[in-house]
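Here's the structure we're looking at; comments come further down.
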Amino acid sequence: MLLLFARVFPRADPAATMARLLNLLAIAIIMWPMLAVGHTVKHVVVLMMENRSFDHMLGYLHKENPEIDGIRGNESNPYNPADPNSPVIVISDEAEYVDPDPGHSQPATSQQIFGYETTCLAPDCPNPPPMNGFVANAEDKQEGMGVNVMRCFKPENVPVISELVRQFAVFDKWYSSVPGPTQPNRLYMHSGSSQGLAHNDEIALARGFEAKCIFQLLSEHGISWKSYFQIVPATVFFKWMRRPENWGNYHHFSLFEEHAAAGTLPAYSFIDPGYFDLPGQDFAQNDDHPRYAPLHNEEMQ
């Protein structure tokens, strides 16, 4: 079984908009050999989490393994990126919670990456981007929040994901396809495109998209798949996924372990975590989205 953990890591790169398309290509390359008799990889499982940066979660693993492109411990961000004499906040390993939730709209993310809000497109954007607007954006949202967003996790405080990195593989150049919120990036994950969205457009999402997604491609080639979810499957934003013939491929996450133990997982499984709390549910929000503690996300992983 091959487990793939994906999340939105807000780093910047001119090729960032191709990340999800390349991801789909990678999955396709991995999955085609599954059709061969005797191939050792029979199942691919993708769990896509939320809104935590690579350095925030895994940056301090660089001290254990210098090959990981993490943080050195002396990185900083100014209060005012436009002022060369501005006071700065130095990164630390004191992360616990991030409350309130840092900005992750397209304007907020561009400010974090470039130091000011912009809609520039490569090659017109600063390259490399200065990545110097995180404190400024946080302070715009709430005075005193800049210290909090510059705090990262010690590996021992996120032991599950840290051990997965130690024992397996991690991509430290994984970029957000859309420098913005959740659903445009999840659309990219499934179809190689945000379908023109740069924000969570509830009306467009409710209407659904005609675009072909990876699940449709798998069905067309006779490859099995399932969509597991804890509260709601975000895969239903594609109209094809709403067809009655696909309803049997949706399963609550409580069945995932049962299917894995019974050997009945499909070739491709996608897992949507719990995006919010509901009264009476037996788990807390566990999608890694701030402000919740990583404990719930670690249990999910």
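Summary table below
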| item | result |
| --- | --- |
| Distant alpha-carbon pairs in the stretch 147-287 (separation over 18 angstrom), percent | 67 |
| Residue-wise HN-Hα coupling along the stretch 247-264, computed from phi with Karplus coefficients 6.51, -1.76, 1.60 (Hz; x: Gly, Pro) | 4, x, 8, 9, 9, 5, 4, 4, 8, 4, 4, 4, 5, 5, 5, 7, x, 10 |
| Tensor-based shape of the stretch 142-215 (alpha-carbon gyration tensor, a/c under 1.5 rounded, otherwise prolate or oblate) | oblate |
| The stretch 72-149, dipole about Cα centre (Lys/Arg Cβ +1, Asp/Glu Cβ -1), debye to the nearest 20 | 260 |
| In the stretch 162-238, the chymotrypsin sites (Phe, Trp or Tyr not before Pro) that fall in loop regions by DSSP, at most 10 other Cβ within 10 Å | 168 |
| Amide hydrogen neighbours beyond the local backbone of residue 44, cut-off 5 Å, H modeled | 2, 268, 269 |
| Percentage relative contact order, the stretch 124-210, counting C-alpha pairs under 8 Å, at least six apart | 14 |
| Mean separation of Cα contacts under 8 Å, 6 or more apart, over the residue count of the stretch 72-149: relative contact order % | 32 |
| Selection of GluC sites (Glu not before Pro), the stretch 169-230, meeting DSSP coil and at most 11 other Cβ within 10 Å | 210 |
| Nearest-0.05 FRET efficiency for residue 105 and residue 167, computed from C-beta distance (R0 45 Å) | 0.80 |
| Where GluC sites (Glu not before Pro) fall in DSSP loop in the stretch 123-190, at most 12 other Cβ within 10 Å | 143 |
| Farthest positive-ward along the stretch 101-203 dipole, Cα basis, beta-carbon charges - from 125, 193, 109 | 193 |
| Cα gyration tensor category, rounded, prolate or oblate, for the stretch 72-149 with a/c compared to 1.5 | prolate |
| Pair residue 96, residue 250: separation of 7 Å Cα→Cβ label points (nm) | 3.9 |
| Cα centroid separation - the stretch 140-170 against the stretch 46-125, whole Å | 11 |
| Separation in nanometres of the label points that stand 7 Å from Cα toward Cβ, at residue 76 and residue 206 | 4.9 |
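Taken together, the values in this text are just the output of simple stated rules run on the coordinates, not laboratory data. Note that the structure is a prediction, hence the values are computed from the model and not measured. As a convention, Cβ positions derive from the backbone with ideal geometry for all residues, glycine included, and neighbour counts pool all protein chains shown.
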